[in-house]
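The values are calculated or read from the model by the stated rules, or taken from the named source; none is laboratory data. Values in this document were obtained by computation on a predicted structure and should not be read as measured data. Note: ideal-geometry Cβ built from the backbone for every residue, glycine included; neighbour counts use all protein chains shown. For the accessible areas, the whole protein counts, side chains as well, though only heavy atoms, and no ligand, DNA or RNA atoms are used. Shrake-Rupley method; radii C 1.70, N 1.55, O 1.52, S 1.80 Å.
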Amino acid sequence: MAQIKTIGILTSGGDAPGMNAAIRAVTRAAIYNGFKVKGIYRGYKGLITDEIVDFKTQNVSNIIQQGGTILKTARCKEFTTPEGRQIAYENMRKHEIDALVVIGGDGSLTGARIFAQEFDVPIVGLPGTIDNDLYGTDHTIGYDTALNTIMWCVDRIRDTATSHERLFFIEVMGRNAGFLAINGAIATGAEAAIIPEIATPEEQLDQLIQNGFRKSKNSSIVLVAESPRTGGAMALAERVKEKYPQYDTRVTILGHLQRGGSPTAQDRILASRLGAAAIDALIEGQRNVMIGDDDEKIVYVPFSKAIHKDKPVDPDLVETLRRLSI
Ligand code: ADP
């Protein structure tokens, strides 16, 4: 394998708090180890449109506390075509980039895997997504911040729910995963979470009602994971309105609120650890792996596993929520 001298770094797909901390860690660890660093703007799009600049330690000063990504991010259709990836590769060569660090979610790592195989480029991925849906890492960068944002929002909605004695369905992000919903529900004392990993949403809803939903309570909050498999909060609320008109039902969709904000300490530390480990991995000759965190230990997860294996929701969490919401 050719010696790596210059490392390119990009953020791709949905932005997540902590991406900046990861950019900082990768840049600083690379420079510390004697590599040159190139920042690639707008993810794969910038690789194709040649938005590539030298990155020094100063480029990443004062960003650890900022949400979003200073490198910008984009969704790039052209990169899904062999012609687009060919241009991306030519730009990599033009800038003498020998290896890439890609920070992003499931889609971005899928693109990285294909690109690495096609052009024999060493690529290391960092799990950057609020959804926590990448297999092989306990947590993804951005997840803890999003969870805390959800907690902040739901606490406020609870005040209204209690005052008006209402039933709120609150939709949270997560793509096809229920991590934000189930842990958000536990953290806010919600009555339930409707997630795609367990029974159908109708079954989950009916069970909730049969179990004496609301009982002596004067408000109820149900977190719903956005997913075609749950149908979303709006559809569930409609169903309740039809079947159980006695409930005063409301819906809140938290939407993009969940993606922004200054990263929590946990996300900053995770991003810093994983970012520095990405450079160690490249030095060790690793390629086509995502850097993960397993029980506080750094692990290298092959892209194929990180992307294709479904990360299970711990059944203990589901049970804990059920037991505590009586
Ligand atoms: P995320 O990384 O947050 O899951 P996306 O799913 O939107 O975000 O993916 C980000 C980008 O990754 C896409 O816009 C595209 O450029 C690239 N990508 C995703 N899937 C593929 C694929 N199958 N082949 C090549 N590139 C892909």
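On full extension of the chain, what length is gained from T80 through S61, given 0.36 nm per residue of separation minus the C-alpha to C-alpha distance?
Between T80 and S61, full extension yields an extra 3.5 nm.
Roughly how many debye, to the nearest 20, is the charge dipole of the chain about its Cα centre, given +1 on each Lys and Arg Cβ, -1 on each Asp and Glu Cβ, and no other charges?
620 debye
Going by average Cβ neighbours within 10 Å, how do the peptides 67-75, 96-104 rank, with the highest at the top?
Most protected by this proxy first, the peptides run 96-104, 67-75.
What lysines sit close enough to K243 to cross-link, taking a C-alpha to C-alpha distance under 24 Å and skipping anything fewer than 8 places away on the same chain?
K215, K217
Report, in deg cm²/dmol and to the nearest 500, the calculated mean residue ellipticity at 222 nm for the chain, where each DSSP H run with n ≥ 4 adds -39500 (n - 2.57) and the sum is divided by the residue count.
Result for the chain: -13000 deg cm²/dmol, rounded to the nearest 500.
Using a cut-off of under 13 Å, list every residue of the stretch 34-53 whose amide N is near the label point 7 Å from the Cα of R93 along the Cα-to-beta-carbon line.
Once the point is set 7 Å along Cα→Cβ of R93, nothing inside the stretch 34-53 turns out to lie under 13 Å by backbone N.
What fraction of the DSSP beta bridges in the chain is antiparallel, stated in percent and rounded to the nearest 5?
So the antiparallel bridges in the chain amount to around 25 percent.
Can you give the translational diffusion coefficient of the chain in µm²/s, computed by Stokes-Einstein from the Kirkwood radius over Cα pairs at 25 °C and 0.890 mPa s?
For these conditions, the coefficient is 119 µm²/s.
Given K77/K309; K36/K309; K56/K77, which pairs have Cα atoms separated by over 26 Å?
Table pairs above 26 Å Cα-Cα are K36/K309; K56/K77.
Find how many whole Å separate the alpha carbon centroid of the stretch 18-50 from the alpha carbon centroid of the stretch 53-120.
The stretch 53-120 and the stretch 18-50 have Cα centres spaced 8 Å from each other.
Roughly speaking, to the nearest percent, how much of the chain's 1.4 Å accessible area is carbon and sulfur?
That share works out to 49 percent.
Among V60, L180, A88, whose Cα lies farthest out toward the positive end of the dipole of the chain, if unit charges sit on the beta carbon of Lys, Arg (+1) and Asp, Glu (-1)?
Checked the options; the winner is V60.
Using only Cα atoms, what Kirkwood radius does the stretch 151-300 have, in angstroms?
17.3 Å
For the stretch 124-169, what Kirkwood radius comes out of the mean inverse Cα-Cα distance, in Å?
Value: 12.4 Å, from the Cα pair sum.
With a point put 7 Å past each Cα toward its Cβ, work out how far D316 is from T160 in nm, to one decimal.
In this crude spin-label approximation the distance works out to 3.6 nm.
How large is the accessible surface per residue of the chain, computed with a 1.4 Å probe and reported in Å² as a whole number?
44 Å²
If you build a Gaussian network model of the chain, linking Cα atoms that sit under 10 Å apart, which residue out of G255, G231, G46 swings the most?
G255
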